[in-house]
Amino acid sequence: MNQSPASTEAVPRLARVIPRDGHPISRSKISPEALRVLYRLREAGFEAFLVGGCVRDLMVGLEPKDFDVATDALPEQVKRLFRNCRLVGRRFRLAHVFFGREIIEVATFRASGGPPIADEVDDTEEDIVDPSILDDEDLDADDGYEDDGIARDANGDINGNIDPHYVPQPTGAHPASGGMVSGQGGERLVDESGRILRDNVYGSIDEDVWRRDFTCNALYYNIADFSVWDYCGGFEDVQARRLRLIGDPETRYREDPVRMLRAARFEAKLGFSFDPATAEPVERLRELLGGVPPARLFDETLKLFLTGHGVRSYEVLRAHGLLEMLLPNVADFSRRYPGSPPEQMLLRGLADTDARVRADRPVSPVFLFALFMYGPIGLRIEQAPRRMWHDTSTILDAFDDVARAICQRIAIPRRFMLGVREMFLMQPRLEAPRGRRALRTLEHPRLRAAFDLLQLRADFGMADPAIVEWWGKLQAASPAQRTQMSASAAQEGAGPGEGGDDAAAGGDGDGPRRGRRRRGGRSRRGGRGGSSGA
Ligand code: ATP
Ligand code: MG
């Protein structure tokens, strides 16, 4: 505990120090818990900085979703300073300091990297869906619509399986063909493509900075004198709203291809734009995303689409050719049928999700993936003979195919995929309510989500609005009224869905029951309003 106090004199020559009156970051915008951690470290003689997204967000006037602290204290030293502290991380240790629901993450400066990102991903294999093994028994064992069961931290943020701070940056040369590179008392293992597989060295702030991805994410706010330290031009880049990778862009993307998705996310979230050199390699290198562990892509997908800027993320990913790498069948559908009802529905669903996030309401990966899958499933259904479009087995086969394709890229936990499957299976049930079965459907844990999907479909001409209205009434009705409504639906056969059907469907009169004409997943023939693509 006898380190020299962090102060401006201690700044390595290369940093530009922006004094308190030269930047807009006010302590009143920093969480009191983060301030407590910073002050405690400082009082103990350590350097203590806020770093990463929180500094960037404070600079542009956004409310940070979490506050990350960087220090020269070793994890064990941090732990000794805070009662409410736990060390986490399998290889590189981080300290989590708990304050009720809030967690402040404290990371020791790193010399040039950390453990392999791939290795940081929890082994979630047993949780990853293999649609072929889904059976109906699983369907009731699902979680509710509102309770999405995503791991979130105490701030309500989505917690990745990986340690986002644990990302290496090479300052030195990369071996051309992989191997071990040693230095700083530690070793770095890189593969042939230049990806860092292992690195584990503590360092100082002027080393820590280089492992970070974008200049805007590499600003340090010093609690000693409230200055901001900038080693790589991030201060100006934030002011210019520019996303610039630190170091050689190609090398940085090769080390960790997820940085391409992160760049897209920051463009979507912050409205920053790619610096030309940061944009240039993306088209050439985006294929590398195919080698990223699917569990990591799941985390990244949630951050892209469930944190309040999903519509923008969709547009930005498409513009950079990255949607194809993340959700190939969604990108394919969008390319073939731009502006089609299923795509409009997807965008509306994403906009609704963004609004829910803004209103602090819960959002669900189940609904998100149902939106993504709707168009591709519709296309797949149309490959079957038209008379079979209505069959549950057709819907299931289509679902399984599309789910399998998506899960090759994105490890969607099984419980979520089961939820999506239920939403699709419930569509024909909702469209042809029958007697007591309608009453049972009311009790279904997935009803809310399935009904929301039905409603969206109706909004875009892919389901009968009268059915939506009927279900709305049924849900609001008293038990006696419900019995009566379901009984009369049983008598009328197609029940409430009289008329209106053909307007959207283009009049395929082949269904055995009118109300079953458009079943789950059918995309109004891909939304082209015309013939099947089969
Ligand atoms: P937000 O929290 O708004 O999503 P963030 O920038 O804080 O954005 P995190 O994933 O929380 O993103 O990571 C915190 C910091 O860790 C980043 O600002 C960056 O400095 C560093 N970092 C995270 N992931 C990477 C990566 N893949 N490569 C390099 N640095 C990274
Ligand atoms: Mg963050």
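Overview of values
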{"quantity": "Accessible surface of region 409-485, 1.4 Å probe, proportion on carbon and sulfur as whole %", "calculated": "50 percent"}
{"quantity": "Too-long pairs where the Cα-Cα distance tops 31 Å, listed order kept, from Lys29/Lys79; Lys79/Lys303; Lys79/Lys269; Lys29/Lys269", "calculated": "Lys79/Lys269"}
{"quantity": "Additional length obtainable on full extension of the chain from Lys29 to Asp332, 0.36 nm per residue less Cα span", "calculated": "104.8 nm"}
{"quantity": "Accessible area expressed per residue, region 270-365, with surrounding protein chains retained (probe 1.4 Å, Å²)", "calculated": "37 Å²"}
{"quantity": "Trp389, Trp210, ranked by accessible area, largest first (probe 1.4 Å)", "calculated": "Trp210, Trp389"}
{"quantity": "Where labels lie 7 Å past Cα in the beta-carbon direction, separation of Gln383 and Ser488 in nm", "calculated": "4.4 nm"}
{"quantity": "Accessible surface of Val366 - all protein chains present, 1.4 Å probe, nearest 10 Å²", "calculated": "0 Å²"}
{"quantity": "Dipole of region 365-485, positive direction: furthest Cα of Trp389, Leu456, Gln484, with charges on the beta-carbon", "calculated": "Gln484"}
{"quantity": "Accessible area, probe 1.4 Å, largest first, for residues Thr215, Thr307", "calculated": "Thr307, Thr215"}
{"quantity": "Region 240-300, relative contact order [Cα under 8 Å, separation at least 6], %", "calculated": "44 percent"}
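The values are calculated or read from the model by the stated rules, or taken from the named source; none is laboratory data. Fair warning: this is a prediction, and the values are worked out from it, not measured in the lab. All Cβ positions, even for glycine, are placed from backbone atoms using ideal geometry, and neighbour counts span all protein chains on display. Just so you know, the surface numbers come from the protein's heavy atoms only, side chains and all, with ligands and any DNA or RNA stripped out. Shrake-Rupley method; radii C 1.70, N 1.55, O 1.52, S 1.80 Å.
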